[in-house]
Amino acid sequence: MFHLALRMLLGDRAKYIMLIGGLTFSALLMTQQNGVFQGLLAWTTSHMRNMRASIWVVDSRVEQVNETKALRDTDVNRVRSVAGVDFAMPLFQSVLKARAADGSEKLIQMIGIHAGTLFGGPTQILAGELEQLRMANTVVIDELAAERLGRAAGIPLTVGDTFEINDREARVVGVCRTERHFFGYPYVFSSYDQALQFAPRQRKMLSMILAEPKAGLTADEVANAIRSETGLAAYTVPQFEKSTISWIWRNTGIPASFMTTIILGFIVGIAIAGQTFYSFVLENLRHLGALKAMGASNGLLSAMLLFQAFTVGLIGYGLGLGLTAAFGFAVADHGQPPFRLLPDSLIRTFVAILLISGFAALLGIRKVAKLEPAVVFRG
Amino acid sequence: MITSASTLPDPTTPAVSLRGVVKAFGTGDARTVALKGADFTAAQGELHLLVGPSGCGKTTLLSVAAGTLDWDSGTVDVFGTRLNGLPKSKVTAFRRQHVGFIFQQFNLIPTLDLTENVSVPLLLNGVRRHEAEERSAALLQRLGLGGKERKRPTQLSGGQQQRVAIARALVHEPRLLIADEPTSALDRETGHQIMEILSTAARSPGRSVIIVTHDPRTYGYADRLTEMEDGGIAGVHHGQALRDFISIHH
Ligand SMILES: Nc1ncnc2c1ncn2[C@@H]1O[C@H](COP(=O)(O)OP(=O)(O)OP(=O)(O)O)[C@@H](O)[C@H]1O
Ligand SMILES: [Mg+2]
């Protein structure tokens with residue numbers, strides 16, 4: 001009987017297309033919006049992947065990685081003296097003004113790393129050498145900086161070029177690849193001491209301390225020790241990611257607006273699929289009644305309706321996912337808008353589509369269950 | 001699942017036997033008593049016509065006999081099975097195996113082809129799809145619809161559609177064939193063709209055909225005719241009495 005159930009549905013071309021269309025749109029909206037949202041959330045912690053370190057030590061009031069509250073210079077040594085800390089290095093970070101080769105002013109994310117170890121420096125050097133940062137007035141810039149600070153569109157800065165940061169000359173000794181900064185600033189790396197010279201003078205200049213645990217100890221254990229012995233906040237990477245994302249949830253409207261769209265996708269799915277499937281059942285009520293008279297049980301008819309609904313649900317899910325993937329590939333090259341398709345979100349959308357299909361079927365099942373087989377003899 | 005000749009009931013057992021059946025619809029002012037203690041018997045191997053003025057309860061009686069409608073009091077036996085107190089699922093299974101239905105408006109599923117439409121009762125009884133379609137196509141052929149197996153019902157004339165509906169009602173070889181005004185939507189000539197087929201079907205051993213009709217042109221096909229009036233039975237005719245009845249009403 002199930003093949004006939006399918007043929008009945010396919011035979012009603014208009015409703016079939018409407019159902020598939022509604023479910024596809026719903027699945028697309030839910031996965032695509034979730035993908036952009038997850039991509040955006042990933043951006044919020046890109047900082048940590050651009051300056052790799054196991055433990056991030058910050059002011060106790062700092063909850064997320066894109067925020068800094070200056071520490072005392074002496075804090076570096078306090079962290080170094082915590083048992084279990086293999087080494088700890090200072091990090092300077094600040095948004096500074098740079099003058100591009102064409103004379104325009106651009107904001108950059110300045111990062112100052114320890115000159116001796118270059119710890120926290122970029123890992124993907126495309127041109128030049130990171131080690132050259134030890135020389136005076138040098139910087140390593142990322143591709144975005146190279147493009148933004150270039151002489152003109154299409155002529156990016158390269159190794160050997162110069163530009164100004166806060167009216168001081170900076171010479172490019174390397175170009176690196178980074179993950180996009182949450183606020184979209186290009187990255188410019190220099191040695192810690194050099195960065196302090198680029199930046200306007202302030203009483204406290206130390207932004208963060210990056211640390212590594214001794215061999216045999218976990219980042220968790222050592223972060224705990226740093227917290228309890230120094231009173232500073234110390235995060236492992238997963239902790240800082242979680243704290244950052246939680247901060248975004250609590251302090252910005254970003255999650256709420258994405259959730260609204262995702263819920264809207266769900267509601268659109270319910271509305272279109274529910275209404276279309278229900279009218280399909282209503283139009284076929286006479287035939288469903290005849291099947292009932294001929295001895296089809298309520299269970300069988302319900303199973304047939306569920307089969308029909310889940311079939312269009314699966315097709316809609318597949319198409320929606322396909323469109324989302326196409327969107328993902330299209331934006332992957334630009335890196336804009338952010339996009340990240342997680343297995344989690346695929347499963348959640350799948351469940352949502354099943355719920356929508358199940359709901360649509362249920363409307364029909366209620367109608368069919370109440371249907372008296374004797375109606376078939378009434379005009 | 002499907003009854004074979006070896007399990008035929010005793011030929012003297014009535015196909016349908018209703019005793020003192022009462023059926024009312026609605027409550028209060030809207031209450032209508034459609035059957036007022038009706039006694040009705042249909043024998044095996046006969047084509048039985050049920051006639052009477054509009055609203056006298058013909059469809060209601062047919063529905064009770066077919067097991068598609070609950071009644072309020074009285075007893076209902078179909079081929080020796082008492083339907084009183086039988087659980088709904090058993091009644092449904094009984095209909096599935098032993099009752100074939102023909103509707104006034106044919107009630108074929110327009111999105112399915114003829115073979116698929118006819119195969120439904122077989123599929124409901126657990127026959128495999130391939131065999132169900134083969135048997136359905138063979139029956140369509142016997143009813144003069146060979147070559148049209150893959151057509152849709154809407155591509156056929158009314159008479160052809162009703163023949164498809166008959167094929168669907170007969171394909172699982174039910175004991176009881178039920179039809180409510182099967183010829184009223186058809187022209188005279190086509191109506192006769194349909195009655196021919198139904199009266200042939202009634203000759204099958206262990207089968208009974210009950211037809212509600214308003215159409216005096218069909219009376220000649222009856223082995224027995226029950227006249228209804230106001231929720232009760234006004235008379236049963238067969239043999240010479242039936243021939244007299246027909247000559248009066250024709
Ligand atoms: N579902 C129902 N609800 C309320 N009243 C009903 C229902 N079915 C039948 N009736 C009433 O019961 C009575 C008998 O109806 P029934 O359909 O059995 O008559 P009938 O002899 O088949 O009439 P017709 O020749 O017009 O088809 C009528 O008064 C009808 O209005
Ligand atoms: Mg009637």
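Read-outs: derived from the displayed coordinates by stated rules, not from any lab. Just so it is clear, the model here is predicted, and its values are computed rather than measured. Using ideal geometry, Cβ is built from the backbone for each residue, glycine included, and neighbour counts are taken over all protein chains shown.
A few points about this structure:
- Look at the alpha carbon pairs under 8 Å that are at least 6 residues apart: their mean separation over the length of segment A:72-231 gives a relative contact order of 34 percent.
- Virtual spin-label span in nm between A:Gln132 and A:Glu105, 7 Å along Cα→Cβ: 2.9
- Selection from B:Ser73, B:Thr59, B:Gly85 lying farthest towards where the dipole of chain B points positive, charges on Cβ: B:Gly85
- Degrees, to the nearest 10: B:88-98 long Cα axis against longest axis of chain B: 60
- Equivalent ellipsoid dimensions for segment A:72-231 as semi-axes, Å, which come from the Cα gyration tensor, largest first: 31, 16, 13
- Of all complete DSSP H helices in chain A, those with a Cα span along the helix axis of 18 Å or greater and a mean Kyte-Doolittle hydropathy of 0.5 or more are A:13-44, A:254-283, A:298-332, A:343-370.
- Counting neighbouring beta carbons within 10 Å and listing from fewest to most, the residues A:His114, B:His238, B:His172 come out as B:His238, A:His114, B:His172.
- Segment B:98-250, Rg to Rh (Cα coordinates; Rh as Kirkwood inverse mean 1/r): 1.00
- The distance separating the Cα centre of segment B:225-241 from that of segment A:263-301 comes to 42 Å.
- A helix-only calculation puts the protein assembly as shown at -14500 deg cm²/dmol for mean residue ellipticity at 222 nm, using -39500 (n - 2.57) for each DSSP H run of at least four residues, averaged over all residues.
- Efficiency of FRET from Cβ geometry, A:Ala153 and A:Gln239, R₀ 41 Å, rounded to 0.05: 0.50
- Here the extension length gained between A:Ser60 and A:Ile125 equals 20.1 nm, from 0.36 nm per residue of separation less the Cα-Cα distance.
- C-alpha long axis of helix B:129-140 to longest principal axis of chain B, angle in °: 70
- Segment A:316-375 and segment B:99-119: distance between their alpha carbon centers, rounded to Å: 34
- Most tightly packed first, judged by the mean number of other beta-carbon atoms within 10 Å of their residues, the peptides A:165-176, A:3-14 read A:165-176, A:3-14.
- Inter-chain Cβ neighbour average for residues A:284-294, partner chain, 10 Å: 6
- The mean number of partner chain beta-carbon atoms within 10 angstrom of a residue's beta-carbon across peptide A:295-305 is 4.
- Under the convention that each Lys and Arg Cβ holds +1 and each Asp and Glu Cβ holds -1, the size of the dipole of segment A:1-105 around its Cα centre is about 280 debye.
- Antiparallel DSSP beta bridges within chain B, percent to nearest 5: 55
- In the protein assembly as shown, taking the dipole from charged Cβ atoms about the Cα centre, the farthest positive-side position among B:His130, B:Tyr219, A:Ala88 is held by B:Tyr219.
- Rounded to 10°, Cα long-axis angle of helix B:158-170 versus longest principal axis of chain B: 80
- Calculated FRET efficiency, A:Leu354 to A:Thr252, Cβ-Cβ distance, R0 = 35 Å: about 0.65 to the nearest 0.05.
- With neighbour counts taken as other beta-carbon atoms within 10 Å, the residues B:Trp71, A:Trp56 rank, fewest first, as B:Trp71, A:Trp56.
- A crude spin-label estimate for the pair B:His214 and A:Ala14, with each label 7 Å from Cα along the Cβ direction, gives 3.1 nm.
- Beta bridge orientation in the protein assembly as shown: antiparallel %, DSSP, nearest 5: 70
- Inter-site label distance for B:Thr154 and A:Ile267 at 7 Å from Cα along Cβ, in nm: 3.6
- Cut-off 11 Å between beta-carbons: net charge of the residues surrounding A:Thr138, Lys and Arg +1, Asp and Glu -1: -1
- Charge dipole magnitude, Cβ of K and R +1, D and E -1 - segment A:92-216, Cα centre, debye nearest 20: 400
- Beta bridges per DSSP, both residues in segment A:72-231: antiparallel share near 75 percent.
- When segment A:72-231 is described by a simple charge dipole with +1 on each Lys and Arg Cβ and -1 on each Asp and Glu Cβ, the residue from A:Pro200, A:Leu210, A:Gly160 located farthest towards its positive end is A:Pro200.
- With the Kirkwood sum run over all distinct C-alpha pairs, segment A:1-51 has a hydrodynamic radius of 14.0 Å.
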